[in-house]
Amino acid sequence: MKHSLAILLVSLFLIGTSCKTGVTVQSEEGSRAEKMLAQMTLDEKIGQMSQLDIGYFRDPEQLKNAVREGRCGSLLNFIGAEQVNAIQKIAVEESRLGIPLIIGRDVIHGYRTVFPIPLGMAASWNPEAVKKAYRIAATEASSQGIKWTFAPMIDITWDPRWGRIAEGCGEDPYLASAMAAAMVKGIQGDSLTDPTSLAACAKHYVGYGFTEGGRDYNTTYITEPVLRNVVLKPFKAAKDAGVLTFMSAFNDLNGVPTSANEFTLKQILRNEWKFDGFVVSDWGSVVELISHGYAVDERDAAAKAINAGVDMEMASTSYFDNIKILLEENKITQAQIDEAVLNILTVKYRLGLFDNPYINTEAEKILLDPAFLEHSRTVARESAVLLKNDSKTLPLKTEISSVAVIGPLADAPRDQLGTWCFDGRPENSVTPLKAIRELLGEKKVNYVSGLRYSRDKSTAQFNAAIAAAKKSDAIIFFAGEEWILSGEGQSRAEIDIPGVQSELLAELAKTGKPLITVIMAGRPLAIGEELGISDAVLYAWHGGTMAGPALADLIFGKESPSGKLPVTFVKGPGQIPYYYYHNNTGRPATTQSWTHIDSISVENPQSSLGYKSFWLDYGYTPLLPFGFGLSYTTFEYSDLSLSAVSMNKTGSITVKATVANTGEMDGVEVVQLYVRDRVGSITRPVKELKGFRRINILRGETAVVEFTIDAADLAFFNGKETLTEAGQFDVWVGTNSDEGLHGEFIVE
Ligand code: BGC
């Protein structure tokens, strides 16, 4: 017995192990990292746990010295192939152990070729196209020396006031998980050692999107069932897709800041999920433990973050300044430091940084490659959602004699790039105005911006805009938000279209000309009125470099829109939070039970409004449901069939439906599968997305769409355990979360 234990220990040593809380790394890279660790001084270890922003350094000499001394293991926002090679040379050739740096940068939705904001990409419901977009982003970014990016951002949110809704994949855990996996695979590529592969970073771990009131950085309270059934799902998908790093977040979660949260960082991430990459803090989030009132000073903050399992500190220097003394005080252990460094070094080995630390300076020729731009155009086209199209206003014919192009977003090259865009260049943007002029010829386009920017309150150009509309056959109004109104620290309490855009739109509507409103924004705006007065509405988000040609493709019918909403659109901020997978309540409202505020007679008796769950002014339904999106063609669903009426807890059921393209154009439909668990040991959502397929159906043709539901897909965390419960289930296959063919099955 003893003998075999000894053999086991020796062999574990040979292949390299790192026993962290429940995690055992057994890999060649782990082995090399362990050998390196054994040679490192404490100072060198502390250096590996520090990531410094380029702005930290007074001058280039200070930077070089820091790298030479092994003072930091990672640099943030230091880019350019030659520059990176030069600093890497110092790390590799002049530092004592030659440990390469890992260079990090936010490449959130494209590098030079910018793709739609991630919320827009999620609206494509096309993980393959999204994966390709991130592959392109990684290829471009890697040519600049970037080896690690802080994406994907996969915070589920129910709050469009929160500016960072733009950066995520919306409200649904299933869709966000599919996107998370696609983004990780795109960023990290097929082989981690490929020069174009970057380390991805699943952020912000965790719960940041549940910020109270939608105000950025605010407190979050999330029950464990919601945490596990909703918020953690895309993070688990990222982990399963092999993401190399996680970023702890800014928010406190149920009273414990997430950058010092042992439950999420140790219990869930390491013990349950067996994550073996490394965790970086968010920018300064370790020292922010002091502002949270969770740490007395920087030393205390560093101790708490290290004890919770944050391996690397971003931007602030509490680790560097305090680790030695914390070790002396026994507030942290040497084993914790070794574990953190091992995690970091293992990732560096896995990325091939030790073997191939330098960048090919020729690689940057790939920036803005025509194929990249073409893909950006495709994704922008697929992300746009057609919300209304009365009397087949769209598509317009290219033979149209003239169009009025109006609105502050028609020719706003920076705004269309969206938030979190450091490296995209406005001069590379093709705006809608430019694309429409190219398509129709200058003469047919009567352009008046009408407003200089989205918040502009001046009506000075209204008359000119109305005159342009009157002399044209149709009006295309590009409304929305400037890029700066969404993103980090950019939350809004009101979510209307800013400035006097709506007033201008109302004036344009009076002309009686066909009115097409295109909305380019970083969040789902409350657009009830604009939707009402427009003949057609396309929701185009901030669509990136190629937003203009993509929108021209749709407006003039080169292709039919196929995007679907990745978030519920509310009527106004008073409905927030509204998400389609809410519970039913004990008093669900119905069309019959809702009383509108204006129909209540004076001095109504106390009980006359029926005591149901609705708002007197808004009712109980949102403006537009999750999954909604029209096409120029029409799709008809029929013949729902299930392979069985019941399954056991290890079984599965196949669900089939026929979808026919009954319109006049070829088109893509996103067929959606929802289920409802009718009775549970805790209350269950009225619907949950469990599958989707994006299918191209030619005009006049039909497709049979098939989904398999495994009993395991129906599992949920009930406060004590994760399980699939026996009982009756509903299933729907349809075009959005509000419509669909209905069936039933039983889990025994
Ligand atoms: C953001 C992160 C980002 C980091 C580095 C922080 O302010 O919250 O999302 O990755 O900065 O730029």
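The values are calculated or read from the model by the stated rules, or taken from the named source; none is laboratory data. It should be emphasised that the depicted structure is a prediction, and the values quoted were computed from it without experimental measurement. Note: ideal-geometry Cβ built from the backbone for every residue, glycine included; neighbour counts use all protein chains shown. The protein model used for the area step is the full one, side chains on, heavy atoms only, and it has no ligands, DNA or RNA in it. Shrake-Rupley method; radii C 1.70, N 1.55, O 1.52, S 1.80 Å.
The single residue among 93, 128 that is more than 16 Å from the ligand (Cβ to nearest atom), closer than 30 Å to residue 631 by Cα and assigned to a helix (DSSP H, G or I) turns out to be 128. Screening the candidates 288, 313 for the property of being under 25 Å from the mean Cα position of the chain (by Cα) and farther than 23 Å from residue 198 by Cα yields one hit, 288.
Restricting the stretch 576-621 to residues that are among the β-branched types (Val, Ile, Thr) and within 18 Å of residue 528 (Cα to Cα), the residue that is most open to solvent (accessible area, probe 1.4 Å) is 597. Can we say residue 369 is of a type outside the set (A, V, I, L, M, F, W, C), under 25 Å from residue 548 (Cβ atoms), surrounded by fewer than 22 Cβ atoms within 10 Å (Cβ to Cβ) and out of contact with any helix residue (DSSP H, G or I) (no Cβ under 7 Å at 6 or more places or on another chain)? For residue 369, the condition - of a type outside the set (A, V, I, L, M, F, W, C), under 25 Å from residue 548 (Cβ atoms), surrounded by fewer than 22 Cβ atoms within 10 Å (Cβ to Cβ) and out of contact with any helix residue (DSSP H, G or I) (no Cβ under 7 Å at 6 or more places or on another chain) - is met. In the stretch 31-51, the residues that are among the acidic types (Asp, Glu) reach residues that are open to solvent by 10 Å² or more (accessible area, probe 1.4 Å) and not in a helix (DSSP H, G or I) with C-beta atoms within less than 6 angstrom, at least six apart or across chains, in these pairs: 44/70.
Residues of the stretch 64-80 being more than 16 Å from the ligand (Cβ to nearest atom), within 34 Å of the chain's Cα centre (by Cα) and either assigned to a strand (DSSP E or B) or farther than 25 Å from residue 152 by Cβ (or both), which ones? Selection gives 67, 71.
Among the residues of the stretch 106-116 satisfying the criterion of being surrounded by 24 or more Cβ atoms within 10 Å (Cβ to Cβ) and within 14 Å of the ligand (Cβ to nearest atom), which is nearest to residue 72 (Cα to Cα)? Here the answer is 107. Please determine, by comparing only the residues of the stretch 394-409 that are crowded, with 24+ Cβ neighbours inside 10 Å and small (Gly, Ala, Ser), which one is farthest from residue 430 (Cα to Cα). My answer is 404.
Report yes if residue 146 is open to solvent by less than 20 Å² (accessible area, probe 1.4 Å) and β-branched (Val, Ile, Thr), otherwise no.
yes
Taking (1) open to solvent by 30 Å² or more (accessible area, probe 1.4 Å); (2) part of a loop (DSSP other than H, G, I, E, B); (3) closer than 26 Å to residue 633 by Cβ in turn, residue 663 satisfies each apart from (1). Looking at the stretch 131-156 only, could you name the residues that are within 14 Å of the ligand (Cβ to nearest atom) and within 24 Å of residue 484 (Cα to Cα)? Across the stretch 131-156, the qualifying residues are 141, 149, 150, 151, 152, 153, 154, 155. With respect to (1) in a helix (DSSP H, G or I); (2) of a type outside the set (Asp, Glu); (3) more than 32 Å from the chain's Cα centre (by Cα), the lone exception for residue 450 is condition (1).
On inspection, residue 436 does not qualify as touching a residue at least 24 places away in the same chain (Cβ under 8 Å), part of a helix (DSSP H, G or I), within 22 Å of residue 115 (Cα to Cα) and within 16 Å of the ligand (Cβ to nearest atom).
With respect to residue 36, is the statement that it is open to solvent by less than 30 Å² (accessible area, probe 1.4 Å), more than 16 Å from the ligand (Cβ to nearest atom) and under 26 Å from residue 360 (Cβ atoms) true?
For residue 36, the condition - open to solvent by less than 30 Å² (accessible area, probe 1.4 Å), more than 16 Å from the ligand (Cβ to nearest atom) and under 26 Å from residue 360 (Cβ atoms) - is met.
Results for (1) touching a Cys at 6+ places or on another chain (Cβ under 9 Å); (2) over 23 Å from residue 172 (Cα atoms), shown as yes or no for each residue.
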{"site": "220", "(1), (2)": "no, no"}
{"site": "231", "(1), (2)": "no, no"}
{"site": "247", "(1), (2)": "yes, no"}
{"site": "251", "(1), (2)": "no, no"}
{"site": "255", "(1), (2)": "no, yes"}
{"site": "266", "(1), (2)": "no, yes"}
{"site": "269", "(1), (2)": "no, no"}
{"site": "280", "(1), (2)": "yes, yes"}
{"site": "291", "(1), (2)": "no, yes"}
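When the stretch 275-294 is limited to residues that are under 13 Å from residue 260 (Cα atoms) and among the charged types (D, E, K, R), the one that is farthest from the ligand (Cβ to nearest atom) turns out to be 288.
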